[in-house]
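Only one structure is covered here, and it is reproduced in the block below.
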Amino acid sequence: EKAWERITALDLVQEPGEKFIYTDVGFIVLGKLVERVSGQALNEFARRRIYEPLGMHETGFLPPEDLKPRIAPTQKQAGEWLRGTVHDPRSRELGGVAGHAGLFSTADDLALYAQMLIDGGRRGDVQLFKSETIALMNTPHETTGGLRGLGWDKKSVYSSNRGDLMSSQALGHGGFTGTSIWIDPPQELFVIFLSSRLHPGGKGSVNDLAGRIGTVAAAALLEQ
């Protein structure tokens, strides 16, 4: 409750639409809005409405004990390795379920999600998102930091993990601990990069490496 008191007491740093500033706060609030509107905890809502319909059986917040041995550790906290516990301190203070951090997954599960977006929001007989929603996600918005989509990066100052040969319709995002996903519907291409860049000493950079892999993957399609 104290965390939410502080979050809701934050003042605007900039008027909306004036300047692009990367922040997690909007997504923390978005997660709370999902809970208020749906009447379900965010992790339950996401499991029932997204992960289970897509067959993403190893994706979710607060992973069970039997999955933790397969989860890459990040850093030590109070002498113990964070393994299966969210690295982000704000998410930890919010119980490990928050709109900006705390989700665990696998490359196989993320591939199902990426293919669903390529297929216009559908997987088999399941229509997860309307085609209009997919189009809205992928509509580019010019900002002071480059092009952004709705909830996604397009081609901005944070896009070094994107690669050089993806189309203008590509969308993606990176994660603080060393992860990224980029999806390019016209090329029917997605590139998933999962690493633990913070292990063991809290330092490391993988964005350029992820971007080079994305370039190699797109170049392989162009050569066909």
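The values are calculated or read from the model by the stated rules, or taken from the named source; none is laboratory data. Not measured: the values here are computed from a predicted model. For neighbour counting, all protein chains shown are included, and Cβ atoms are generated from backbone atoms with ideal geometry for every residue, glycine included. Accessible surface is based on the protein model in full, side chains and every heavy atom, while ligands, DNA and RNA are left aside. Shrake-Rupley method; radii C 1.70, N 1.55, O 1.52, S 1.80 Å.
Where the second residue is modelled with pLDDT of 95 or more and surrounded by 18 or more Cβ atoms within 10 Å (Cβ to Cβ) and the first is of a type in the set (S, T, Y) and lies in the range 198-224, which pairs have Cβ atoms under 6 Å and are six or more apart or on separate chains?
Close Cβ pairs satisfying both conditions: T215/L165.
For every residue, the table says whether it meets (1) open to solvent by 60 Å² or more (accessible area, probe 1.4 Å); (2) in contact with a strand residue (DSSP E or B) (Cβ under 8 Å, 6 or more places away or on another chain); (3) among the basic types (K, R); (4) on the phi > 0 side of the Ramachandran plot.
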{"residue": "G84", "(1), (2), (3), (4)": "no, yes, no, yes"}
{"residue": "R92", "(1), (2), (3), (4)": "yes, no, yes, no"}
{"residue": "L128", "(1), (2), (3), (4)": "no, yes, no, no"}
{"residue": "E142", "(1), (2), (3), (4)": "yes, no, no, no"}
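Residues that are acidic (D, E): find the helices (runs of 4 or more DSSP H) completely inside the range 76-190 holding 2 or more of those.
Where helices (runs of 4 or more DSSP H) fall fully within the range 76-190 and carry at least 2 residues being acidic (D, E), they are 107-118.
Among (1) out of contact with any Leu (no Cβ under 6 Å at 6 or more places or on another chain); (2) in a helix (DSSP H, G or I); (3) modelled with pLDDT of 95 or more, which single condition is G31 missing?
It is condition (1) that G31 fails.
Within the range 208-224, track down each residue that is within 21 Å of Y158 (Cβ to Cβ) and open to solvent by 60 Å² or more (accessible area, probe 1.4 Å).
D208, L209, R212, I213, V216
Output the residues belonging to the range 168-197 that are free of Cβ contacts under 8 Å to residues at least 60 places away in the same chain, over 15 Å from P73 (Cβ atoms) and open to solvent by 40 Å² or more (accessible area, probe 1.4 Å).
S168, Q169, H173, P186, Q187 - these are the residues of the range 168-197 that are free of Cβ contacts under 8 Å to residues at least 60 places away in the same chain, over 15 Å from P73 (Cβ atoms) and open to solvent by 40 Å² or more (accessible area, probe 1.4 Å).
It is to be established whether one or more residues within the range 48-59 are assigned to a loop (DSSP other than H, G, I, E, B), among the acidic types (D, E) and at pLDDT 95 or above.
Residues of the range 48-59 that are assigned to a loop (DSSP other than H, G, I, E, B), as a first pass: 55-59.
Of the ones still in play, those that are also among the acidic types (D, E) are 58.
Cutting the leftovers down to at pLDDT 95 or above gives us 58.
Taking every residue of the range 48-59 in turn, at least one turns out to be assigned to a loop (DSSP other than H, G, I, E, B), among the acidic types (D, E) and at pLDDT 95 or above.
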